[in-house]
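The values are calculated or read from the model by the stated rules, or taken from the named source; none is laboratory data. What you see is a predicted model; the values in this text were computed from it and never measured. Cβ placement follows ideal geometry from the backbone for every residue including glycine, while neighbour counts extend to all protein chains displayed.
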Amino acid sequence: MSNPVLTPAMRKEIVELTIKTYQEEMERQRKLAHDKRLRNTKLLLINYRGLLSHSESAIYEASQCDEDVYDVLYLMTGGKSDQQLYVDSIKKSAGRTKLILEHIKRAIDDYERYCVRTGKEEEMRRCRTIKRMYIEEDPWEVQDIADRELVDVSTVYKDIKEAIRRLTPRIFGIDGLI
């Protein structure tokens, strides 16, 4: 059996096809990563109130709870050394949550300042929509936002999508753009 001989033209075609395939895969990965950050921004907004509640009510200091809690932890974990591990884990989680919430708050404040600077009512509406849907203590329904803003429900969803697109780099920095 003889080995096939590749002509220079065949080699060039193989190299070009390989490069093209690689570039297409890299572009697909880039878009996938960007889409993930957009989803992450929306997830952070959707869970904002729950995270805020968690960060305000997390108990991780002995002075914050009854002694019975440690007894329950002891029974659940089988020993005192595990108790401290769980308490430290809760404390660390509460600290990270507070940090992330403060970051989101600042990103939204920055977005609001941007909207004001543009002087465009459409941008201000988007900001109000995001705050009403995800940030304010009492969430609004989409239909209520549409009625208040005198727009169609589909416009509310478009506003949310655009506001999230604008918030993503404010939350994730340069990685939110790539």
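The lone criterion from (1) modelled with pLDDT under 95; (2) exposed (fewer than 13 other Cβ atoms within 10 Å of the Cβ) left unmet by residue 118 is number (1). Of the set (1) modelled with pLDDT under 70; (2) under 22 Å from residue 95 (Cα atoms); (3) in a helix (DSSP H, G or I); (4) not hydrophobic (A, V, I, L, M, F, W, C), all apply to residue 56 but (1).
Return yes or no: is residue 90 at pLDDT below 95, surrounded by 12 or more Cβ atoms within 10 Å (Cβ to Cβ), farther than 20 Å from residue 42 by Cα and β-branched (Val, Ile, Thr)? The answer is yes for residue 90.
Can you find, within the range 121-157, the residue that is surrounded by the fewest Cβ atoms within 10 Å (Cβ to Cβ) among those that are touching a residue at least 40 places away in the same chain (Cβ under 8 Å) and outside any helix (DSSP H, G or I)?
Kept after step one, since they are touching a residue at least 40 places away in the same chain (Cβ under 8 Å), are these residues of the range 121-157: 126, 130, 133-135, 137, 139.
Subsequent filtering for residues that are outside any helix (DSSP H, G or I) retains 137, 139.
Working: 137: 6, 139: 13.
Step by step, filter the range 121-157, then rank; the result is 137.
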